[in-house]
Amino acid sequence: MTYVVALTGGIGSGKSTISNAFKNLGIDVIDSDLIGKNIIKSNKTIIEAIIKKFGSNILQKNGCIDRLTLRKKIFNYVDNRVWLEKILHPYIHIETKKQINASKSIWCLWVTPLLIEKKLYKSVDRILVVDVPIKVQIERTIKRDNIKKRLVKKILKCQTTRKKRLSLANDIINNNINQMEINLYINYLNLSYKILANKKIKKKHKKLFD
């Protein structure tokens, strides 16, 4: 099985930017957020369930789910968030596993914001955390998503603490420093993960022939 590095971080920390950098190095990237977005966009069962739960006003004019409205509903009301996770996460899990198993690179990057919250870290080889100060998370998210500070803070409350995330990390990328330094570290991590992946492969082969 492919050597799996889980990439996680709080909202606005820059997970997509970091994962794209690894992708440019030829590493397969499996993004749980992207998988979830595609499911909400194309899975009829999920779409119908969301419309039944929140009404037709959850739809945009083109008939697609309005993700900003949905985000407000699930982060303003805990019960709504729990409900959506319950119906959505099984689909995300199946597709994630499928994409990891189909990975062709020597190691793959699994981007998952809820790695710590859902205790998914037990199934990976290594944990990479993208970290920035909370103030930066808030500023970046407001600018990126054009949402109010109040909603960003509610989203942050639903995520694990920065301290907890860092305590479980094997590797940490400070995404609030010079981009050249970040790129150098990404290249270093890629080489390190390739070495670790090769060791895992050799160990597996050794067991087969022992």
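The values are calculated or read from the model by the stated rules, or taken from the named source; none is laboratory data. Quantities reported herein were computed from a predicted structural model and do not represent experimental measurements. With ideal geometry, Cβ positions are generated from the backbone for all residues, glycine too; neighbour counts draw on all protein chains shown.
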Notebook entry, point to check: Of all residues in segment 21-31, which are in a helix (DSSP H, G or I), surrounded by 17 or more Cβ atoms within 10 Å (Cβ to Cβ) and either among the charged types (D, E, K, R) or touching a helix residue (DSSP H, G or I) at 6+ places or on another chain (Cβ under 6 Å) (or both)?
Noted result: Ala21
Notebook entry, point to check: Of all residues in segment 4-18, which are surrounded by 21 or more Cβ atoms within 10 Å (Cβ to Cβ) and not in a loop (DSSP other than H, G, I, E, B)?
Noted result: Val5, Ala6, Leu7, Thr8, Lys15, Ile18
Margin query: Looking at Leu166, Leu156, Leu196, can you tell me which residue is in contact (Cβ under 8 Å) with a residue 60 or more places away in the chain, over 23 Å from Asp28 (Cα atoms) and in a helix (DSSP H, G or I)?
Written below: Leu156
Next item on the list: Kindly indicate which of Lys204, Lys148, Lys194 is over 20 Å from Leu115 (Cβ atoms), of a type outside the set (Ser, Thr, Tyr) and at pLDDT 95 or above.
Entry: Lys194
Item checked: From Asn146, Asn176, residue being polar (S, T, N, Q) and over 29 Å from Asp66 (Cα atoms) -> Asn176
Note to self: I'd like the residue in segment 32-46 that is surrounded by fewer than 13 Cβ atoms within 10 Å (Cβ to Cβ) and of a type in the set (D, E, K, R) and, out of all such residues, is nearest to the chain's Cα centre (by Cα).
What the structure shows: Lys41
